[in-house]
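Worksheet for the structure shown next.
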Amino acid sequence: KIAERALQTNQHPRFDFLLRRILEEVPAGHIVVLSGRRPCAAEALRARLERTLGTKLSKQVVFLPSQPARTYYRLLDLADVVLDSPVFSTSLTGFDALSAGKPIVTIPGEQMAERYALGLYRLMGLGDLIAASATEYVALAVRLGRESDFRESICERIRKRCSRLYENRSAVREYEDFFGRVVRQGQA
């Protein structure tokens, strides 16, 4: 089971070829897309994936509407791996996945929105989970999906280091300093 959460506008077309390669390597795998609250966007994505993946592979992509929080977290618990899609941010989904001990496969891009998972992994000291190329991205997703011992060792590392994300006071201090400077400048 491979999970990917699509945002309001769903995935970017750059992601399609990665999905194709993953699904070709894992013929029994499924990708779950939470399609948001816009049925027309989900339908457009479904049609595009049928064109780019072909009928057979596109049947391995399961579309679900937005879920209540409890159901969403249950679905996340069932996932073997979460795919960070190029172009869109994994910010909130990334925090959710990591707090559940789930690995995120990411390939950082140039834009800030493409680098959230990179930042989360750096804070956690888990640089080996960051793909440097499309080939590495696919290989990591496939390995996490297929090899339960490898996946469990990664999940255990994530669980052990996750507190670095949530108990990190330095970000709070930086915000305090920033807002303090803004207020002082406004009073000058």
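The modelled label-to-label distance for the pair residue 66/residue 37, using points 7 Å beyond Cα in the direction of Cβ, is 0.3 nm. With each label modelled as a point 7 angstrom along the Cα→C-beta vector, the residue 25-residue 78 pair spans 2.4 nm.
Each Lys or Arg adds one and each Asp or Glu subtracts one; over the other residues with Cβ under 13 Å from the Cβ of residue 128, this totals +3. For the stretch 83-156, GluC sites (Glu not before Pro) are listed when DSSP marks them as loop and at most 10 other Cβ atoms sit within 10 Å of their Cβ; the list is 110. Amide H to amide H distances under 5 Å link residue 32 with 2, 3, 4, 62, where only residues 5 or more positions off or on other chains count and H is placed in the peptide plane. Taking 13 Å as the straight-line reach from the Cα of residue 160, the aspartates and glutamates in range (excluding those fewer than 8 positions away in the same chain) are 152. For the chain, adding -39500 (n - 2.57) for each run of n ≥ 4 DSSP H residues and dividing by the number of residues yields -18000 deg cm²/dmol at 222 nm. Modelled label positions at residue 46 and residue 172, each set 7 Å beyond Cα in the direction of Cβ, lie 4.5 nm from each other.
Taken together, the values in this text are just the output of simple stated rules run on the coordinates, not laboratory data. This structure is a prediction, so every number in the text was calculated from the model and none was measured. Neighbour counts are summed over all protein chains in view; Cβ atoms, including those assigned to glycine, are modelled from backbone coordinates with ideal geometry.
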